[in-house]
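Structure first, then comments.
Where a number appears in this text, it was derived from the coordinates with a stated rule and is not lab data. Everything quoted here is computed from the prediction, not taken from an experiment. As a convention, Cβ positions derive from the backbone with ideal geometry for all residues, glycine included, and neighbour counts pool all protein chains shown.
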Amino acid sequence: MEINGKGMAKCLVLVMLILDIAWPVSCTLRRPGGRRATPFHDSSKLLELRGLAKFAVDEYNFKQGADLQFVRLVSSEQQVVAGIMYYLVLEATSKGNNGLYEAKVWVKVWENFKSLEEFKSLGPNLAPTSKFKSNSEPQEACRQLAA
């Protein structure tokens, strides 16, 4: 089967149209270096993220001489760097007062490296903890908190 000039031109135009549509979609989905929500589709990932949130509270307590107690993980985002930077929103309590905090934890698994880069208060948690189901997904808890 031989393709003439017209057939080749049609094929080339079709390929260009497909690439023109597919290229922006694939670039948007990947966003190299951009922050994206961390998927919680399996319990092992959720346990890993809770462990990182507890690590962040423990490190903060050690460095600042504070007495925060981890309550729960509210949400998580991640960014690919030289490893993964996790941006965790968590709830912690101190002397009966609950508050929301953002922790920035850098992880390089291949080096067994974990570092608390930043820990800051987002203010008091005005919603009672009992409002959230203990087995609810962190994203759902965040939506309830915003309501």
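Test of understanding: extend the Cα→C-beta vector of N112 to 7 Å, then name every residue of region 77-94 with backbone N under 20 Å from that spot.
From region 77-94, the list is 83-84.
Using Cα positions and a limit of under 21 Å, work out the lysines in reach of K54, with same-chain residues fewer than 8 apart set aside.
Of all the lysines, those that pass the test against K54 - Cα under 21 Å, at least 8 places apart if same chain - are K45, K63, K95, K104, K108, K114, K120, K133.
With r defined as the distance between the Cβ atoms of S121 and V81 and R0 fixed at 22 Å, what FRET efficiency is calculated, to the nearest 0.05?
According to the calculation, E is roughly 0.35.
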